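Below: the structure, in structure tokens.
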Amino acid sequence: QVQLVESGGGLAQPGGSLRLSCAPSGTIYNTYAAGWYRQASLGSQRELVATLNEAGNINYGNAVKGRFTISIDKTKNTVYLQMTSLKPEDTAVYYCNTIATTTMTAPRRVYWGQGTQVTVSS
């Protein structure tokens, strides 16, 4: 079964940058939409970071507008989140999801990654 594998998380200083990647572990025929979400702690709600829909429309959470950029490489079915001007409040576990199909005739499914930790601290 295909899973999404996130990478690129880690420790960054305030004002720094990180680039998260989200790649499928198996074969994906097409990715129709994608999103990034984050959760600051186990008890907190998962927050929308950015979404990109099938029409190419992008939506960013208010907390990251102007600093984060979501993109998709359709040749690799890999989703990216470029994060700049990082703040301590960006510290969270970041999760990606996609709506994708594994073959031309397979139904669309929602896939989630396992999460990657981003810590912003001096």
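The values are calculated or read from the model by the stated rules, or taken from the named source; none is laboratory data. Everything quoted here is computed from the prediction, not taken from an experiment. Cβ: placed from backbone, ideal geometry, glycine included. Neighbour counts: every protein chain shown. The accessibility values were calculated without ligands, DNA or RNA, using every heavy atom of the protein model including side chains. Shrake-Rupley method; radii C 1.70, N 1.55, O 1.52, S 1.80 Å.
Taking a point 7 Å from the Cα of residue 106 along the Cα-to-Cβ direction, the residues of the range 6-33 with backbone N closer than 11 Å to it are 25-31. Its Cα centre serving as origin, the chain has a Cβ charge dipole (Lys and Arg +1, Asp and Glu -1) of approximately 120 debye. Scanning residues 5 or more positions from residue 12 or on other chains, those with amide H under 5 Å from its amide H are 119, 120, 121, with H placed 1.01 Å from N in the peptide plane. For the range 1-109, trypsin sites (Lys or Arg not before Pro) meeting the loop criterion (DSSP other than H, G, I, E, B) and having at most 11 other Cβ atoms within 10 Å: 65, 74. Sequence-distant contacts, meaning Cα pairs under 8 Å at least 6 residues apart, place the relative contact order of the chain at 36 percent. Report note on the peptides 80-86, 91-97: ranked by the mean count of other C-beta atoms within 10 Å, highest first, their order is 91-97, 80-86. Computed 3J(HN,Hα) for the range 83-100, one whole-Hz value per residue from the Karplus formula 6.51 cos²θ - 1.76 cosθ + 1.60 where θ = phi - 60°, is 10, 10, 6, 5, 10, x, 6, 7, 4, 4, 8, 9, 10, 10, 9, 9, 10, 8, glycine and proline marked x.
For the chain, the solvent-accessible area of protein heavy atoms averages 53 Å² per residue (probe radius 1.4 Å; ligands and nucleic acids excluded). Annotation: amide H of residue 115 within the under-5 Å range of 6, 96, sequence separation 5 or more or interchain, hydrogens built in the peptide plane.
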